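So the structure is just underneath, and the comments pick up after that.
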Amino acid sequence: MHYTHYAKPFVQHKIVLAEQAKNNGKLENAFSFLEDAHVIAQKSTYLHCLVHYLMLKHGLITLSLMEIAGQAFRLVGALTKTWIGLIPTGNTGGTNVSPFKPLPISANNQKIIDEIEQQIRQRINQ
């Protein structure tokens with residue numbers, strides 16, 4: 001099984017939280033959940049692109065030209081670079097940080113990534 005399979009429920013959970021925050025008018029919180037989803041999704045081309053697409057939509061909702069342009073650029077990068085591992089680990093994906101800059105991973109996100117990787121190891125060893 002691929003990383004996508006095991007990461008998808010965690011990423012989807014963050015996306016649901018983002019959607020709930022957005023629906024409650026808490027747009028900064030919504031984007032924060034998308035940033036978490038981005039960190040978790042980085043090793044999956046599909047999930048990585050999905051999160052950048054949702055960040056692009058967030059830019060459209062907030063009318064942020066910088067976010068819209070930045071996410072369009074990042075979406076192309078995610079599509080063409082993720083599958084070969086050219087990702088800055090821990091990068092939160094927003095235009096407030098360089099798309100090339102690795103960042104520390106929060107303890108909560110690291111716990112999720114560790115759980116995903118443990119599930120993959122268990123599957124391999126079966």
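Summary table below
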| item | result |
| --- | --- |
| Distance between modelled label sites at Gln126 and Val97, nm, 7 Å Cα→Cβ extension | 3.3 |
| 17 Å reach of a label modelled at Ser64, 7 Å along Cα-to-Cβ, counting backbone N of region 9-37 | 15, 18-37 |
| Ranked Ser44, Ser106, Ser98, criterion: other C-beta atoms within 10 Å, fewest first | Ser98, Ser106, Ser44 |
| Helix runs (DSSP H) in the chain reaching 20 Å along axis by Cα, Kyte-Doolittle at least -1.0 | 3-23, 27-41, 45-62, 65-81 |
| Restraint check, Lys57/Lys111; Lys14/Lys101; Lys8/Lys57, Cα-Cα greater than 26 Å | Lys57/Lys111 |
| Lys/Arg +1, Asp/Glu -1 at C-beta; the chain dipole; positive extreme among Phe31, Ile68, Cys49 | Cys49 |
| Convex hull volume per residue in cubic angstrom - Cα atoms of the chain | 91 |
| Proximal aspartates and glutamates relative to Lys26, as straight alpha-carbon distance under 18 Å, when same-chain residues fewer than 8 apart are discounted | Glu35, Asp36, Glu67 |
| Kirkwood Rh in Å, taken over all unlike Cα pairs in region 1-69 | 12.0 |
| Helical contribution to [θ] at 222 nm, DSSP H n ≥ 4, -39,500 (n - 2.57), averaged over the chain, rounded to 500 | -24000 deg cm²/dmol |
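All of the numbers you see were taken from the coordinates with simple rules; none came from a lab. Just so it is clear, the structure is predicted and the values come from calculations on it, not from any experiment. Cβ sites come from the backbone with ideal geometry, for glycine too, and all protein chains shown count toward neighbours.
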